1. Of GLY211, PRO153, LEU187, whose Cα points farthest to the positive end of the dipole of the range 92-227 (charges on the beta-carbon: +1 Lys, Arg; -1 Asp, Glu; origin at the Cα centre)?
2. Could you derive backbone 3J(HN,Hα) for the range 53-60 from the dihedral phi with the Karplus parameters 6.51, -1.76 and 1.60 (θ = phi - 60°), listing whole Hz in sequence and x where the residue is Gly or Pro?
3. Please compute P(r) over all alpha-carbon pairs of the chain, binned at 20 Å starting from zero, and give each bin as a whole-number percent.
4. Find, among the trypsin sites (Lys or Arg not before Pro) in the range 289-322, those assigned to loop by DSSP (not H, G, I, E, B) with at most 10 other beta-carbon atoms within 10 angstrom.
5. Give the separation of the Cα centroids, the range 127-202 to the range 288-342, in Å.
6. Search the structure for amide H atoms under 5 Å from the amide H of LYS225, placed 1.01 Å from N in the peptide plane, and list their residues when 5 or more places away or on another chain.
7. For the range 234-290, what is the accessible area per residue in Å², given a 1.4 Å probe and the full set of protein chains?
8. Which loop trypsin sites (Lys or Arg not before Pro) in the range 81-158, with loop taken from DSSP, have no more than 11 other Cβ atoms within 10 angstrom of their Cβ?
Amino acid sequence: MGIRADVVVDLQYGDCGKGKVSHHLARTHSYTHVLRYNGGCNAGHTIFHKGKKFVTHHIPAGVFFGIRSVIGPGCVVDPERFLAEIRGLEAGGIKTKGKVFIARNTHVITDKHRKEDGMEKKIGTTGRGNGPAYRDKYGRTGVRAENVPALKPYLTDLYDEWFPSQGRTSGKKDVRILAEGAQGFGLDVDWGDYPFVTSSHCTVGGAVLNGIPASSVRQVWGIAKMYETYVGAKKFQPKGDDIFNKIADAGEEYGSTTGRRRQVNWLDMQLLEKAVRINGVTHLVFNKVDVLRAVQRWAVIDKRRVVKFKNEKTMKDFLLKRLKALGLSKNRVFFSESKETI
Ligand code: IMP
Ligand code: MG
């Protein structure tokens, strides 16, 4: 009997392909639970399951494999959108009954939150009510899922989930959790570029806040792209080089939640290294190698300078060398060039 957790965490500004990696890990490991640990329906996870495209917002990737999929109290839930997502999955042939749960102490996004966020201009939020819902949670004026009748069938208590023999339900099984984050390190409320951040904890610390004992964390899967994208009000994409527009086109860099065009820049080594260190990353996936291959430009930003590479191999070797210095050996770094697997 015991509890073990692996965490999937985005090392940049969201949209690095966490959904794909979580889906892959859920398929290839034997998890008893997949947990969504932060964020609300501001997140959009694009997942290809058996060749079919799904976009999820709240519900973790475990649902595609009949694994208990729980939304933790680090999240905020929009009841209407949650129920619509359930219907969408069912319509796509995914069984959700008895598989999808919301922690009873998770806060909800109300109409008022959505309206307020819809008028927001300074940060360029997704307008989904995320920020106002977290503000009310911390201001102690929020509403919890356990007080919303429509969510009753989905409620659970995470103490019972993580410690089945102690809580109300009995069970002797090992608990193996895949904790799937939303957004990313660069959008984290503490570590991101404040105020151009989201209102939740996007680091591994955010996963642990959902009742996961810190000592149970095993693998930490950091997810990055071979370049960076950001959506929001601040200026991010450098002017004067059409390459970034080409990358955006080749990479289909449009938000899966709002459809907004994502701004593009080269991968920033200092952000990557900081995120690897602070999250304690043990495995790293670089997604979208195929996109830089399509445009045939290879570069990173290192100490505020653009460093260009001759070809794919020299860029990969550079990244591997830098990560090795952080204790990440070559066999734990993966370069992915497919939408469906790593
Ligand atoms: P909010 O999370 O809707 O409050 O938005 C705050 C900032 O985070 C904005 O710049 C959003 O574009 C960005 N953001 C929120 N969720 C995501 C996401 O899932 N992917 C990428 N950016 C996001
Ligand atoms: Mg996304």
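1. PRO153
2. 8, 10, 10, 9, 10, 9, 7, x
3. Final binned percentages: 33, 58, 9, 0.
4. Sites meeting the loop and neighbour criteria: LYS303, ARG304, LYS310.
5. Centre-to-centre distance over Cα atoms comes out at 33 Å.
6. ASN287
7. About 42 Å² of surface per residue is accessible.
8. Passing sites in the range 81-158 are LYS97, LYS121, LYS122, ARG140.
The values are calculated or read from the model by the stated rules, or taken from the named source; none is laboratory data. Because the structure is predicted, anything quoted here is derived from the model rather than measured. Reconstructed Cβ throughout: ideal geometry from the backbone, glycine too, with neighbour counts over all protein chains shown. Heavy atoms of the whole protein, side chains included, go into the accessibility calculation; ligands, DNA and RNA do not. Shrake-Rupley method; radii C 1.70, N 1.55, O 1.52, S 1.80 Å.
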